[in-house]
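Below is one structure, written out as structure tokens, with a few remarks after it.
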Amino acid sequence: MNITMYQVDAFTAVPFAGNPTAVCVTETALSKELMGKIAIENNLSETAFCYKDGAKYNIRWFTPTVEIDLCGHATLAAAYALFHDREKSADRLVFTTKSGEIVVSKDGKYLTMDFPVREGKPLPYHPAIAQALGGKPLAFYESRDILAVYSTAQEVADLHPAATALNKLGVFGLIATAPGDDVDFVSRYFAPGCGVYEDPATGSTHCTLIPYWAKRLGKTTFVDRQLSPRGGTFHCELKGDTIYIKGEAVQLFKTTFEV
């Protein structure tokens, strides 16, 4: 089988920033075993696999160790690759996923995705999490991931948790956030539960971040800057139970290989 693969940097307007993503497009579904092997070979935080099924695209996302249920940057990257190659006349794409349908639409130079709300529930103060992450988190909330709230953007930027300490927590992912200086808030994401030490730019964390900041700031539109070494910028809006995540992307290359 021939597989077309694109490498796309998501949530950035310039190459070699944001989140590098492999997007594999096929004519039919691949086996889970093969997708896992290709993800290991790519060794990126996520590889997206998609194929067209009627008017929609089926999409699945794999880290080098596991399949995950929802991924923002890899969906943005897949939409960008398809819009610029196979779906040039389209202005929206519908992806069928394990977490429901995701619509990605063109919005000028941006692409906008609709994601579900995953509001975190208050979690009792957890000294082990605080010690593993570092700094002095003020509060914790739990959804799929654990959200740790800090006082300042600089404190989030200065975090250097040890991978071994994170792995001992046995959680899927840890979001660190704080008020921003020139944006509404900042964030970072560590994902020991899926084999990723730090994700460069993460869309799915905003399912939990946006409900928190909406209540705290009393507003519905936000700009977030992810403070990973590569960085990422997110423009988000909360409407009811839907979060609209807007970002840019850059394609580095396209190739074809046989399996």
Q: Tell me which residues come under 5 Å, amide H to amide H, from Tyr150 once H is placed; ignore anything under 5 positions away on its chain.
A: Leu138, Thr177, Ala178
Q) Can you sort Val66, Val259, Val104 by how many other beta carbons sit within 10 Å, fewest first? A) Val259, Val66, Val104
Q: May I ask you to list the residues of segment 132-174 whose amide nitrogen lies under 18 Å from a point 7 Å from Cα along the Cα→beta-carbon direction of Asp181?
A: 150-160
Q: For Ala55 and Ser89, calculate 0.36 nm times their separation in residues minus their Cα-Cα distance, and state this gained length in nm to one decimal.
A: 10.9 nm
Q. Got a sec to turn the phi values of segment 230-241 into Karplus ³J(HN,Hα) couplings, 6.51 cos²θ - 1.76 cosθ + 1.60 with θ = phi - 60°, whole Hz, x for Gly and Pro?
A. 7, x, x, 10, 10, 10, 10, 9, 9, 10, x, 9
Q | 3J(HN,Hα) from dihedral phi, segment 204-215, Karplus parametrisation 6.51/-1.76/1.60, rounded to Hz, x for glycine, proline | A | 5, 4, 6, 4, 9, 4, 5, x, 5, 6, 4, 5
Q | Difference of contour (0.36 nm per residue) and Cα-Cα distance, Asp241 to Lys136 | A | 34.7 nm
Q: Classify segment 1-125 as rounded, prolate or oblate, taking a ≥ b ≥ c as the square roots of the eigenvalues of its Cα gyration tensor: rounded when a/c is under 1.5, otherwise prolate if a/b is larger than b/c and oblate if not.
A: rounded
Q.
I need the shape label for segment 121-240. Rule: rounded when a/c is under 1.5, else prolate if a/b > b/c, else oblate, with a, b, c from the alpha carbon gyration tensor.
A. prolate
(Q) Could you work out the relative contact order of segment 1-150? I mean the mean sequence separation of Cα pairs under 8 Å and 6+ apart, divided by the number of residues, in percent. (A) 14
Q) Taking only Cα atoms, what is the 0 to 90° angle, nearest 10, from helix 72-83's long axis to the longest principal axis of the chain? A) 30
Q.
Place a point 7 Å from the Cα of Glu41 along the Cα-to-Cβ direction; which residues of segment 243-259 have their backbone N under 18 Å from it?
A. 253-259
**Q.** Calculated P(r) tail over 20 Å for segment 83-148, as whole % of Cα pairs
**A.** 53
**Q.** Where trypsin sites (Lys or Arg not before Pro) fall in DSSP loop in segment 189-257, at most 15 other Cβ within 10 Å
**A.** Lys219
Q. Under 5 Å between amide H atoms, partner at least 5 residues away or on a different chain: which partners does Val196 have, H built in plane at 1.01 Å?
A. Ala191
Q: Could you tell me which chymotrypsin sites (Phe, Trp or Tyr not before Pro) in segment 96-181 are loop residues by DSSP with no more than 14 other beta carbons within 10 angstrom of their beta carbon?
A: Tyr125
Q: Could you work out the Kirkwood radius for the chain, taking every pair of different alpha carbons, averaging 1/r and inverting it, reported in Å?
A: 18.4
**Q.** Relative contact order (%) - criterion: Cα under 8 Å, at least six apart; region: segment 121-240
**A.** 19
Q: Report ³J(HN,Hα) in whole Hz for each residue of segment 103-109, in order, from the Karplus equation J = 6.51 cos²θ - 1.76 cosθ + 1.60 where θ = phi - 60°; Gly and Pro get x.
A: 9, 10, 10, 6, 9, x, 7
Q: Just need the relative contact order of the chain here, percent rounded to a whole number, with Cα pairs under 8 Å and 6+ apart.
A: 24
Q) Considering only DSSP states other than H, G, I, E and B, which chymotrypsin sites (Phe, Trp or Tyr not before Pro) in segment 34-101 qualify as loop sites with at most 16 other Cβ atoms within 10 Å? A) none
Q. Quick one: putting +1 on the C-beta of Lys and Arg, -1 on the C-beta of Asp and Glu, what dipole do you get for segment 121-240 around its Cα centre, in Debye to the nearest 20?
A. 300
(Q) Can you sort Val94, Val14, Val23 from fewest to most other Cβ atoms within 10 Å of each residue's own Cβ? (A) Val14, Val94, Val23
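Where a number appears in this text, it was derived from the coordinates with a stated rule and is not lab data. Because the structure is predicted, anything quoted here is derived from the model rather than measured. Because the Cβ atoms are built from the backbone with ideal geometry, glycine has one as well, and the counts that use them run over all protein chains shown.
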